[in-house]
Amino acid sequence: MSSESILSLRVNGQPFRRLVPAERSLLDFLREDLGLTGSKHGCDVGDCGACTVLVEGQPRLACITLAVEMEGASITTIEGIGGPEGPHPVQKHFDQQVASQCGYCTPGIVLVLVALLRDDPQPSESRIREVLGSNICRCTGYTKILAAARAAVGAA
Amino acid sequence: MLPFPKFDYAAPTTLREAVSLLCTPGARILAGGTDLLPSLKHRLFEPSLLVSIRRLTELREWEMLPDGGLALGAGLTLQQLSGLPALALYPGLQEACRTVATPTLQGTATIGGNILLESRCLYYNQPVGWRDAIGGCLKCDGSVCHVAPKGKGCYAAHSADTVPTLWLLGAQVELVGPLGVRLVPISALYSGDGLRPMLLQPGEILTRLLLPPPGPPTVHRKLRTRAAIDYGLLLVAASRSQSGYRAVVSAVGPAPIEVRGESPEDLAEAAFRAVQPLGTHAPAPTWRKKVLRVEVRRAAESLKEG
Ligand SMILES: Cc1cc2nc3c(=O)[nH]c(=O)nc-3n(C[C@H](O)[C@H](O)[C@H](O)COP(=O)(O)OP(=O)(O)OC[C@H]3O[C@@H](n4cnc5c(N)ncnc54)[C@H](O)[C@@H]3O)c2cc1C
Ligand code: SF4
Ligand code: FES
Ligand code: FES
């Protein structure tokens, strides 16, 4: 029983060891302690998906995950998926379809789609919609996000 | 940014250690955290210690029982559960798992946490500032109930999607505590008091969910504003056997309510008479009461066709 612990984990393939207080969220750990600001603070209580990261490849909401729970875990954030020089196919299609406006929801949505297409390379339209139900976008009206997702099927 | 309050954290490796830690005053179990952690950010309660189930590997196991039923570890996620081939024989339960929150949350949320989901209310599940502006309520930081100001208790709604179906199936939970192990039917787990909705003893951990062998199929219906994310405005599970129809209705008070009937229409009328939705949700209670009749009838009719 303790108020802080030494946390060892891998983020985007790189090992880290840090002392974290029990009440540190994974999101604050990534953003404040590691400087990885690609994962966003949206609602901060599990409603919106802006903070989504992959834990052992599975989407998880970093705002309602304790950093100390991630001991030994392997985490992928949007920074680990691809950047302007080497975008992931899902990112490329987001760009081509202009599926981002303010972009706040984009990292979370890209990660959810990356995980979906890895497990199910040919998802049905209803499966794509079901999975995208995990994330809220306040700008686009979803049409272009769906277009980017459909375009990424087979390309990811 | 909403910070967490301060607390201690422990991740025991044995059940015995977990039970003894859980006997610390103010200790609480942390499973997926998808109900608990947002509530901490909203300061609905401030536990002194969170006891994580992360290292209790036995809580993630499952097995077929000799009688043909299933024993499911309380730490299995809703995604793991709905993906078990054996769950296809319990279609209502499988459907209920898939309607909880969102696919991302189903990958974190556990079945144990769902069964023990705190009761919910429009005036309770709100940020601190919102609640302060109305002076809190009986359930947290206040002295009146805004839903029933003349009433004596709290009517915060039982909202766990999987429970109406588990109730109809005759499922039981295994609880391990400082005094030993006990089995409790799901239908006897809820007190009906919104302030303390679950009849758990201090220090008890839900370890396993026990399902009887597959019987008559159950259906699960969930009325909600959006097809994703939202909690139910009404939850209805129904089943049919030689002796007639049964339905369990929830999101209408601190405990689910069971009704019986000879036909779908009869069942719907029984539910309409027995259940009084309250102002715990945004839509008018009178509207929820009318729709309840429709939801129950449709649930029963879908069994008739099947
Ligand atoms: C945006 C959003 C939408 C949601 N929508 C729904 C919905 O539609 N339907 C629904 O049913 N739920 C919904 N939930 C709530 C929640 O995700 C689920 O109920 C989930 O199954 C809770 O499980 P958990 O493992 O995350 O529980 P936790 O949050 O870890 O725990 C919940 C409670 O149970 C106790 N507990 C957990 N496991 C045990 C155990 N083994 N023994 C003793 N005590 C235990 C905890 O101490 C806590 O009080 C939603 C949550 C969010 C954030
Ligand atoms: S039913 Fe009343 S006391 Fe209970 S949470 Fe709602 S407003 Fe508060
Ligand atoms: S910021 Fe985590 S879900 Fe909204
Ligand atoms: S692009 Fe602004 S929230 Fe989605």
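A short reminder: the numbers here are calculations on the coordinates, not readings from a lab. Note that this is a predicted model, so its numbers are computed, not measured. Heads up, the Cβs are rebuilt from the backbone with ideal geometry, glycines too, and the neighbour counts pull from every protein chain shown.
Taking B:GLY92, B:GLY75, B:GLY33 in turn, the Gaussian network model of chain B (Cα-Cα springs below 10 Å) assigns the largest fluctuation to B:GLY33.
Using the Karplus relation 6.51 cos²θ - 1.76 cosθ + 1.60 with θ = phi - 60°, the per-residue 3J(HN,Hα) values for the stretch A:61-74 come to 7, 6, 6, 10, 10, 7, 4, 4, 6, 8, 3, x, 7, 10 Hz, with x marking Gly and Pro. Loop-resident GluC sites (Glu not before Pro) (DSSP state other than H, G, I, E or B) in the stretch B:231-296 with no more than 11 further Cβ atoms inside 10 Å of their Cβ: B:GLU262.
May I ask you to derive the relative contact order of the stretch A:70-156, considering only C-alpha pairs under 8 Å and at least 6 residues apart, and to give it as an integer percent?
Numbers: 76 pairs, mean separation 36.0, N = 87.
Normalised by residue count, the contact order of the stretch A:70-156 is 41 percent.
Summed over all non-identical Cα pairs, the Kirkwood treatment of the protein assembly as shown gives a radius of 23.1 Å.
Just from its helices, what would the mean residue ellipticity at 222 nm be for chain A, if runs of 4 or more DSSP H residues each count -39500 (n - 2.57) and the sum is divided by every residue, rounded to the nearest 500 deg cm²/dmol?
Values: 4 runs with 40 residues, N = 156.
Helices in chain A give a 222 nm mean residue ellipticity of -7500 deg cm²/dmol.
Here the simple spin-label model places points 7 Å from the Cα toward Cβ, and for B:ARG196 and B:LYS150 these points are separated by 2.8 nm. Basic side chains Lys and Arg get +1 at the Cβ, acidic Asp and Glu get -1 at the Cβ, and with that the dipole of chain B about its Cα centre reaches some 720 debye. Scanning residues 5 or more positions from B:GLY253 or on other chains, those with amide H under 5 Å from its amide H are B:HIS158, with H placed 1.01 Å from N in the peptide plane. Build a GNM of chain A with springs between Cα atoms under 10 Å apart, and of A:ALA115, A:ALA62, A:ALA22 the one that fluctuates most is A:ALA22.
So if R0 is 60 Å, what FRET efficiency would B:ALA274 and B:MET1 give, r being the distance between their Cβ atoms, rounded to the nearest 0.05? List each step's numbers first, then the result.
Working: r = 45 Å, r/R0 = 0.75.
FRET efficiency, B:ALA274 to B:MET1: 0.85.
Rounded to the nearest 500, the helix-only mean residue ellipticity at 222 nm of chain B stands at -7500 deg cm²/dmol, with each DSSP H run of n ≥ 4 adding -39,500 (n - 2.57). For chain B, a Gaussian network of Cα nodes joined below 10 Å ranks B:ARG226, B:ARG16, B:ARG98 by mean-square fluctuation, and the top entry is B:ARG226. Relative to the longest principal axis of the C-alpha atoms of chain A, give the angle of the C-alpha long axis of helix A:106-119, reported between 0 and 90° and rounded to the nearest 10°. Rounded to the nearest ten degrees, it is 80.
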